[in-house]
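Everything on this sheet refers to the single structure shown next.
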Amino acid sequence: MELQLHEIGHDFGPLTVLDGVSFRVGASEIVSVIGPSGCGKSTLLAIAGGIVAPSRGAAFTLGAAPADSLNPFTFVFQDAALLPWRSVAGNVSLALEDRVRSKSARAKIIDEALELTGLSAFAQAYPKQLSGGMRQRVGIARALAARPAFLLMDEPLSAVDAQTRELLMEEFLALWLRDRISILYVTHNLDEAVRLSDRIVVLSRRPGRVRDIIEVMIPQAERGRASAARELATLQDRLWNLLRSEARNADRELLALEGADA
Ligand SMILES: Nc1ncnc2c1ncn2[C@@H]1O[C@H](COP(=O)(O)OP(=O)(O)O)[C@@H](O)[C@H]1O
Ligand SMILES: [Mg+2]
């Protein structure tokens, strides 16, 4: 399934948060969105997933979701948003309860999702017994159980430590290489953006406008290799320079405003 965002604009009352944002996420692609905090990234994800209707423009899909998809657009958030009184299996089951009637069919899907995310031994554990990384694995297991056509991920790794982040990225890429779900991935971490994405959309500060769209040409499976390191580092520099100039512009405006006050 392909997602197209066409000239998306959005206002919250008098506050314009997005302006003329257009790009596409092709079938089986990972597209990242980066940009300063408050520039409308989470709003854009909500619009992409059909939760928020945009003030201007349109989000539409091409192609059908797989017939067995229980939830074509599935979100993954920074905190896995697990129910503390449910076990790991119980939390994954949440994605299924109103959609899969048969208990044994549910159990099968849950087992599979836990297996994929390395959580089988933790099926009966409770969220408070798990590390942040493990909880995030549960969030991903729950999302995969719904067999999404599209994953909409909002800074999914920003609450875990650097080592866990590295591990989760590797595991996540392995899952993606297997299933090739289309993914729209919001992050403020440039390393995540260059390691995971086919394309990186750089937004300006609010109102978010597309500053640049950068293709990452190296296949994802090769990005962990030493030979890819230099090219990825160069890309990261380029992204950083774009973001830095956004921050500088903001500082200059602030300075000008203060000058006007004086
Ligand atoms: N429901 C809402 N009502 C009013 N303002 C909102 C709402 N959601 C977000 N905002 C504002 O819109 C701007 C963009 O928010 P958001 O999309 O969360 O940005 P980002 O994810 O890039 O940090 C922020 O200034 C935020 O305070
Ligand atoms: Mg956000």
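Any read-out appearing in this document is the output of simple, stated calculations on the displayed coordinates, not a laboratory observation. Since the model is a prediction, treat every value here as computed from it, not as a measurement. Please note: Cβ atoms are built from the backbone with ideal geometry, for glycine as well, and neighbour counts cover all protein chains shown.
Mind checking segment 87-174 for GluC sites (Glu not before Pro) that DSSP puts in a loop (not H, G, I, E or B) and that have at most 14 other Cβ atoms within 10 Å?
Answer by residue number: Glu97.
For the chain, set up a GNM with springs between Cα atoms under 10 Å and report which of Pro156, Pro219, Pro127 has the largest fluctuation.
Pro219
Students often forget the sequence filter, so: which lysines lie under 28 Å Cα-Cα from Lys128 once same-chain residues fewer than 8 apart are removed?
Those lysines meeting the cut-off are Lys103, Lys108.
Measuring from the lowest to the highest alpha carbon on each principal axis, how far does the chain reach, largest first, in angstroms?
In descending order, the Cα extents are 69, 45, 38 Å.
Measuring from label point to label point, each 7 Å out along Cα→Cβ, what is the Arg230 to Asp212 span in nm?
2.0
Taking 8 Å as the Cα distance limit and 6 or more residues as the minimum spacing, I'd like the relative contact order of segment 1-53 as a percentage.
Reported relative contact order: 31 percent.
Quick check on the exposure proxy: order His10, His188 from fewest to most C-beta atoms within 10 angstrom.
Going from sparsest to densest Cβ surroundings: His188, His10.
So which residue, out of Ala145, Ala250, Ala59, gets the largest mean-square fluctuation from a GNM of the chain using Cα contacts under 10 Å as springs?
Checking each option, the largest mean-square fluctuation is seen for Ala250.
Of Arg206, Arg252, Arg223, which is the most mobile in a GNM of the chain whose springs link Cα atoms less than 10 angstrom apart?
Comparing Arg206, Arg252, Arg223 in a Gaussian network model of the chain, the most mobile one is Arg252.
Taking every pair of alpha-carbon atoms in segment 114-176, give the share separated by more than 14 Å as a whole percent.
The proportion of pairs with Cα distances above 14 Å equals 57 percent.
Alpha carbons only, please: Rg and Dmax for segment 178-262, in angstrom.
Just the Cα atoms of segment 178-262 yield Rg and Dmax of 16.5, 60 Å.
Please report the relative contact order for segment 29-137, taking Cα pairs under 8 Å with a sequence separation of at least 6, and give it as a percent rounded to a whole number.
24
Can you tell me the length gained on complete extension of the stretch Arg56 to Ala125, counting 0.36 nm per residue apart and subtracting the Cα distance?
Between Arg56 and Ala125, full extension yields 20.3 nm more.
Give me the one-decimal nm value for the distance between modelled label points at Arg99 and Asp79, 7 Å along each residue's Cα-to-Cβ direction.
Going from the Arg99 label point to the Asp79 one covers 2.4 nm.
Tell me, in nm to one decimal, what length is gained between Ser245 and Arg180 on full extension, where the rule is 0.36 nm per residue of separation less the Cα-Cα distance?
Gain on extension, Ser245 to Arg180, equals 20.0 nm.
Which residues in segment 98-134 place their backbone N less than 20 Å from a point set 7 Å from the Cα of Ala162 along the Cα-to-Cβ direction?
Output list for this probe position: 132-134.
With an 8 Å Cα cut-off and a minimum separation of 6 or more residues, compute the relative contact order for segment 113-166 in percent.
Once normalised by length, the contact order is 39 percent.
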